[in-house]
Every structure is written in structure tokens, then in C-alpha cells.
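Structure record follows, encoded as C-alpha cells.
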Amino acid sequence: MGDRGHTRRRLLRAAAGAAAGIVLGARSHSFAAGAQASPAAAGTLRLADDLFVIGLPGEANVVAATGADGVVLVDGGSAGGAAAVMRAVAALPGGGQVHTIFNTHWHPEQTGANERLGTAGATIVAQENTRLWLTTDVTWPWDGRRFARLPKAAQPNRTFYTSGTLPSGIRYGHIPDAAHTDGDLYVYFPRQNVLAVGDVVSGQGWPVVDWTTGGWIGGIVGGLQRVQALANEETRIVPGRGPVLGLAELKTQSAMYGTIYDRLTQLLNKGRGPDEAVEAQPAKEFEAQMGNPDDFVRRAFESLWAYLSPDA
Ligand SMILES: [Zn+2]
């Protein structure tokens, strides 16, 4: 019980810290830049003079690194939000043309700017599995949602299997645990000590367990461990949604998903199904902070079938 209160305090502190970061970031920018440059637009969090998180309402986080040769993005918003994201990028101090965009994974919330940027000649970097998902149609069996393959110009045009480095020193790599999909990547900005991890880490509510394209609950646990190994105490970790996190929040999440994973595998081993898994309430003590877990529990249990069942 004491642990529960502790967890809640941590989550609240993380949320408060992120809100304070927005205010402080905007203020220190206006002091530093003087009268010539316009301040970054509302919803933009300044992590460093040349590194920002663009958080538009309803859109996933977009990380933007500015430089003399243009802008590097990690994810680009949805197709409907891409124009607003690009306006926010153009308004950044030192902002310019986007020359490189990373797709942390194939989901449309991340890849909606690919077509316009690819057509304009940008390099679209993705793990090879992400490219493959973007060249085929995908249907989610649990809700019938369909995703059409992207046109050629929108597909990643520079892929990798394990890791790589941009000339500017920005490092990137595969997160092979299949936390969210089988093509998840991280991008690490060493000078600013910022790690962007897409939906491998959820900063806001329960994650989607997209087992159709490889994600599973065991991968969430493994991915959180891997991200912690990539980070240090000062690293700021940018998830796909929600506030910027630190190592402490990742440890809290690891414990939570580890607990749920153990309970679900026990249910699986007893021959239970998804309905029974939801009824067993394996995430009950986390509901107050995280919201109703039923969809998450169902998807997470189904993901165990995909990974652990002998006849899968
Ligand atoms: Zn996603």
C-alpha cells in the first residue's frame, strides 16, 4: 500500500515537472534570444537552444533538432496534423527546412508528414520492419481499423537493422524487444542528453499493444529495461505521448508492467482466455493513476498468445 502512494506521488511529480518545464523553457528562451527572434509557439517545450518537443493538441510528440543545415525531426504528426506541425517547426528559433525525419514506428500518428517531407526530398529514416509495414496494408483484428500502405514518396528511404549515427552525432537504434511494434527505434541526442523513444514508453495512459505488427506485453517490459540502459540519471526521455520523463518514472513503469506481465502469464498458464484475464483485474491497483485498463489487459493477454502459446 505504501508503495502505491509512492508511485502516485512520483507520477504526479513527473506531470508537475513537465508543466514547469514548458513555462521555464519559454521564459529562458525569450531572455536568451532578445528581440529579433520570435519565441517558440505555444505547446512547444524547449529542451535546449536547438532541441524542442512540439506537442500539439491531439497529436503525438514531435522532437525537432535545429541546426545550420536544417531540422531533424523524430516523428511528424498525423496526416491531418502535419501542416500544423510544420508551421510549429518553421516557427522554431533557428528553424529551417526539415532534411531528416525519423519514424519511431509505422503508426499513422507518427508518419503523417512523410509524404510531404519525402516529396520535398527529405531523408526518412526507419528500422527496416517499419518500412515493410508501411509498404503493406494492415488491419487490426480487434477493432477492424484499416491502414492503407503509404505511397512510394512517403515510405522510409533510408532503413537500418540495428543502429546508426547521423553526421551531426545523433545516434539511433532498433529497440528489438517489440514493445510496441517490431520496428521500434530510439533517437539519442548526446549533446543535450535527450532520448526520444516513441511509443515504446507511454507517458500518458495505457499503451496500445499492437500485436498485429509484433508488439507484446513482454516487449513493453523488455523495452523499458533497454531504454533505462540507454539513459542515465540526467537523461530526459521523450515518449510518444505525454510529458518528458526521467529514469525514476521508467523504473516505476517497469515495476508496474512487470507485475501485470507476471499475472497475465499465470492466467495464460492456467488456460484462461482474454475475457477471464479482464475479469481477474490484473491491473486493478494501477487504475487510479492510469485509467480503465480493460482494453490494455485484453490486448496484452492476446499478445501473449502470439508470443507464448505453443500452437500460435
Ligand atoms: Zn504507436
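Read the figures in this text as sums done on the coordinates, not as results from a lab. Because the structure is a prediction, the values reported are computed rather than measured. Glycine gets a Cβ as well: all are built from the backbone with ideal geometry, and neighbour counts include every protein chain shown.
Would you mind computing, in nm to one decimal, how far apart the modelled labels at Asn292 and Ala68 are, each placed 7 Å from Cα along Cα→Cβ?
It is 5.5 nm.
Which ³J(HN,Hα) values, rounded to whole Hz and listed in residue order, are derived for the stretch 129-139 from phi using the Karplus coefficients 6.51, -1.76 and 1.60 in 6.51 cos²θ - 1.76 cosθ + 1.60 with θ = phi - 60°, glycine and proline given as x?
Using θ = phi - 60°, the values come out as 4, 5, 4, 4, 5, 7, 9, 9, 7, 10, 10 Hz.
Looking at the stretch 252-308, which trypsin sites (Lys or Arg not before Pro) are in a loop (DSSP not H, G, I, E or B) and have at most 14 other Cβ atoms within 10 Å? List each step's numbers first, then the result.
On the way: sites: Arg263, Lys270, Arg272, Lys284, Arg298, Arg299; in loops: Lys270, Arg272.
Answer by residue number: Lys270.
Please check the chain for the longest run free of GluC sites (Glu not before Pro) that are loop-located per DSSP (anything but H, G, I, E, B) and have at most 12 other Cβ atoms within 10 Å.
In short, 1-232.
Expressed as an acute angle from 0 to 90° and rounded to the nearest 10, what is the orientation of the C-alpha long axis of helix 247-269 relative to the principal long axis of the chain?
Approximately 30 degrees, to the nearest 10.
Taking the 0 to 90 degree range and rounding to the nearest ten, how far is the long axis of helix 2-33 tilted relative to the main principal axis of the chain, both from C-alpha atoms?
Roughly 10 degrees, rounded to the nearest 10.
List every residue whose amide H lies under 5 Å from the amide H of Asn61, counting only residues 5 or more places away in sequence or on a different chain, with H placed 1.01 Å from N in the peptide plane.
So Asn61 has HN proximity to Arg241, Gly242.
May I ask for the angle, rounded to the nearest 10°, between helix 294-308 and the longest principal axis of the chain, with both axes built from Cα atoms and the value confined to 0 to 90°?
80 degrees
How long is the gain from Ala148 to Phe160 if the chain were fully straight, where each residue apart is worth 0.36 nm and the alpha carbon distance is subtracted?
2.0 nm
Using a Cα-Cα cut-off of under 26 Å, which lysines could be cross-linked to Lys251, ignoring same-chain neighbours fewer than 8 residues away?
Lys284
Check the straight Cα-Cα distances from Lys270 and name the aspartates and glutamates below 16 Å, setting aside those fewer than 8 residues away within the same chain.
Answer for Lys270, where 16 Å is the Cα cut-off: Asp262, Glu279, Glu302, Asp311, listed by chain and number.
Can you compute 3J(HN,Hα) from phi for each residue in the stretch 182-197, using the Karplus curve 6.51 cos²θ - 1.76 cosθ + 1.60 with θ = phi - 60°, rounded to whole Hz and x for Gly and Pro?
Calculated HN-Hα couplings, in order: 8, x, 4, 10, 10, 10, 10, 9, x, 5, 9, 6, 10, 10, 9, 10 Hz.
Using only the alpha-carbon atoms of the stretch 213-302 as identical scatterers, what base-10 log of I(q)/I(0) does the Debye formula give at q = 0.10, 0.14, 0.20, 0.23 Å⁻¹?
Reported log10 I(q)/I(0), two decimals: -0.28, -0.54, -0.99, -1.20.
Using R₀ = 41 Å, calculate the FRET efficiency as 1/(1 + (r/R₀)^6) where r is the Cβ-Cβ separation of Gln266 and Thr123; round to 0.05.
0.35
Name the trypsin sites (Lys or Arg not before Pro) in the stretch 107-173 that are in a loop by DSSP and that have at most 15 other C-beta atoms within 10 Å, would you? Can you show the working numbers first?
Details: sites: Arg116, Arg131, Arg145, Arg146, Arg149, Lys152, Arg158, Arg171; in loops: Arg145, Arg149.
For trypsin sites (Lys or Arg not before Pro) across the stretch 107-173 that sit outside H, G, I, E and B with at most 15 neighbouring Cβ atoms in 10 Å, the list reads Arg145, Arg149.
Enumerate the calculated ³J(HN,Hα) couplings along the stretch 66-80 in order (Karplus 6.51 cos²θ - 1.76 cosθ + 1.60, θ = phi - 60°), each rounded to whole Hz, writing x wherever the residue is Gly or Pro.
Running phi through 6.51 cos²θ - 1.76 cosθ + 1.60 with θ = phi - 60° gives 9, x, 4, 9, x, 10, 9, 10, 10, 6, x, x, 7, 4, x Hz.
What is the dipole size for the chain, taken about its Cα centre, with +1 at each Lys and Arg Cβ and -1 at each Asp and Glu Cβ, in debye to the nearest 20?
600 debye
Could you please state, rounded to a whole Å, how far the C-alpha centre of the stretch 216-273 is from the C-alpha centre of the stretch 149-207?
Here the two parts' Cα centres lie 17 Å apart.
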